[in-house]
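Q: Pasting a structure below so you can have a look.
The values are calculated or read from the model by the stated rules, or taken from the named source; none is laboratory data. All values reported here derive from a predicted model rather than from experimental measurement. Positions of Cβ are generated from backbone atoms using ideal geometry, with glycine treated the same way; all protein chains shown enter the neighbour counts.
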Amino acid sequence: MSRLKCGRSAPAPRPISTAEIDACRERLSAYLALHSLRFTEPRWKVAQAILSAGRHLDSSEIVSRVHAVNPGVGAATVYRAIKLLCDAGILEESHQGFSGRTVYELAGDEHHDHILCTDCGAVFEFHDETLESAQERISRREGFALAGHRHVLMGRCEKLSSARRIRKISGEAS
């Protein structure tokens, strides 16, 4: 398992089953057929690169992953495929990273929120029923029927912040 700058373990990629890959291919095929579009190998290669990552990716990371195994697939094809995969309900915009880039994840996972490390960009998923209840209560109080939400908490890992304070106190450069 890889380590982040703070010493914390990097979030483990979510393993994707063969059944999920097959379902993704079927969903993409159905969407393309419904919209009179062709199922092309480059489109599927983009989907496979995203599926194999099993984690949150921004568009430049997706381009890099596709180019690593399929150098002939151009960046423009990748960007068009990302939009198409979002339209097909296979991929969704998760949040804006602190760099301002849109981060994507596979659609259909159980609801969760995110914590984004502003030091290394790692994304951690969490679910908190108390938070969910508070959102419902606040929505009702304000006269809204909650249709959805996205929470992205941004912060610095306490371990790394603590290490910085120690370096600063001891006079080391950070």
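Q: Return the pair list, or none, for Cβ contacts closer than 6 Å from residues in the range 142-159 that are more than 18 Å from L131 (Cα to Cα) to residues that are outside any loop (DSSP other than H, G, I, E, B), at least 6 apart or on different chains.
A: If the second residue must be outside any loop (DSSP other than H, G, I, E, B), the pairs left are C157/C117.
Q: Same structure again: Does the range 32-51 hold any residues that are part of a helix (DSSP H, G or I) and exposed (fewer than 14 other Cβ atoms within 10 Å of the Cβ), and which are they?
A: Selection gives A33, L34, E41.
Q: Being of a type outside the set (S, T, Y), closer than 23 Å to S17 by Cα and free of Cβ contacts under 8 Å to residues at least 24 places away in the same chain: is that true of H56 here?
A: Here the answer is no, as H56 does not meet what is asked.
Q: Let me ask something else about it. Within the range 110-141, track down each residue that is touching a residue at least 24 places away in the same chain (Cβ under 8 Å) and under 23 Å from A88 (Cβ atoms).
A: The answer is H114, V123, E125.
Q: Does A81 count as over 12 Å from the mean Cα position of the chain (by Cα), without any contact (Cβ under 8 Å) to a residue 24 or more places away in the chain and within 23 Å of E41 (Cα to Cα)?
A: No.
Q: Given the residues G54, G121, G108, which is the only one that is loosely packed, with under 14 Cβ neighbours inside 10 Å, under 15 Å from the mean Cα position of the chain (by Cα) and modelled with pLDDT under 90?
A: From the options G54, G121, G108, the qualifying one is G108.
Q: Within the range 59-92, which residues are buried (at least 20 other Cβ atoms within 10 Å of the Cβ), at pLDDT below 90 and not in a loop (DSSP other than H, G, I, E, B)?
A: The one that is buried (at least 20 other Cβ atoms within 10 Å of the Cβ), at pLDDT below 90 and not in a loop (DSSP other than H, G, I, E, B): L91.
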